Amino acid sequence: MIRREDVYRIGKIGKPHGVKGEVSFQFDDDIFDRTDADFLILELDGILVPFFMEEYRFRSDSLALMKLEGIDTQERARELTNCEVFFPREQQDDEENLSWAAIIGFTVIDEQTNTPVGTIASVDDSTENVLFELEDGTLIPASEDLITNIDTKKRTITIDLPEGLLEL
């Protein structure tokens, strides 16, 4: 059984494309292409289910048309519309190229005190200054200059927080 903590969200299935079971896939992270993944995980009725990819082609930098194994008709493809798509954390082993989506759920550790600050709920990368938004609403700069360590096994990010930042 696939556990939610073992995966992270990378996108969502859109509507069917054509009549042979192809679907549109709106993605936030192209990790499935960067790692030559064989399968993706879809959430169907609250259950995480792996689907092998037969083929895909990019339509833009955030949209792909994808053919999944066992989905051969427009009707079957329609059943997947709006399904959330996840990627296994164990296949994202390159800490240097972690995506923002992959670190959601990681615990932020203050390097000065070696104590947890909070858990990353989302990443705001809408501006040049990327921010981690913690579950309690605290915003922390996600600058590479401040990040001192990333441990994918423990799911932690150690940050050298500027003095007084947490008191703001």
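Some observations on this one:
- Amide H contacts under 5 Å for residue 161: 111, 112, restricted to partners 5 or more places along the chain or on a different chain, H placed in the peptide plane at 1.01 Å from N.
- Beta bridges per DSSP with both ends in segment 49-168, % antiparallel, nearest 5: 85 percent
- Residues whose amide H comes within less than 5 Å of that of residue 85, counting only those at least five positions distant or on another chain, are 10, 11, 12, 13 (H built at 1.01 Å from N in the peptide plane).
- Dipole magnitude for segment 37-134: computed about the Cα centre from +1 point charges on Lys and Arg Cβ and -1 point charges on Asp and Glu Cβ, it is near 380 debye.
- The chain - charge dipole about Cα centre, Lys and Arg +1 at Cβ, Asp and Glu -1, debye rounded to 20: 900 debye
- Only DSSP H runs of four or more residues enter the estimate; each adds -39500 (n - 2.57), and after division by the residues of the chain the mean residue ellipticity at 222 nm equals -1000 deg cm²/dmol.
- Relative packing of peptides 38-47, 24-33 - highest average C-beta neighbours within 10 Å first: 24-33, 38-47
- Overall, the anisotropy analysis places segment 24-114 in the prolate class: the square-rooted eigenvalues a ≥ b ≥ c of its C-alpha gyration tensor yield a/c not less than 1.5, with a/b exceeding b/c.
- Projected label distance in nm at residue 166 and residue 59, using a 7 Å step from Cα toward the beta-carbon: 4.5 nm
- The chain: relative contact order as a whole-number percent, Cα under 8 Å and 6+ apart: 20 percent
- Contact order normalised by residue count of segment 63-156, Cα under 8 Å, 6+ apart, percent: 18 percent
- Computed E for residue 143/residue 35 - FRET, C-beta separation, R0 22 angstrom, nearest 0.05: 0.30
- Loop-located GluC sites (Glu not before Pro) in segment 74-168 whose Cβ has at most 10 other Cβ within 10 Å (DSSP): 128, 144, 163
- Using θ = phi - 60° in the Karplus curve 6.51 cos²θ - 1.76 cosθ + 1.60, the 3J(HN,Hα) couplings for segment 42-56 round to 10, 8, 10, 6, x, 10, 8, 10, x, 10, 6, 8, 7, 6, 7 Hz; x is entered for Gly and Pro.
- At 1.002 mPa s and 20 °C, Stokes diffusion of the chain via Kirkwood alpha-carbon radius, µm² per second: 124 µm²/s
- Residue-wise HN-Hα coupling along segment 98-111, computed from phi with Karplus coefficients 6.51, -1.76, 1.60 (Hz; x: Gly, Pro): 4, 8, 4, 4, 6, 9, 4, x, 6, 8, 8, 10, 6, 4
None of the figures in this text is laboratory data; all of them are computed from the coordinates on show. These figures come from a predicted structure and were not determined experimentally. Reconstructed Cβ throughout: ideal geometry from the backbone, glycine too, with neighbour counts over all protein chains shown.
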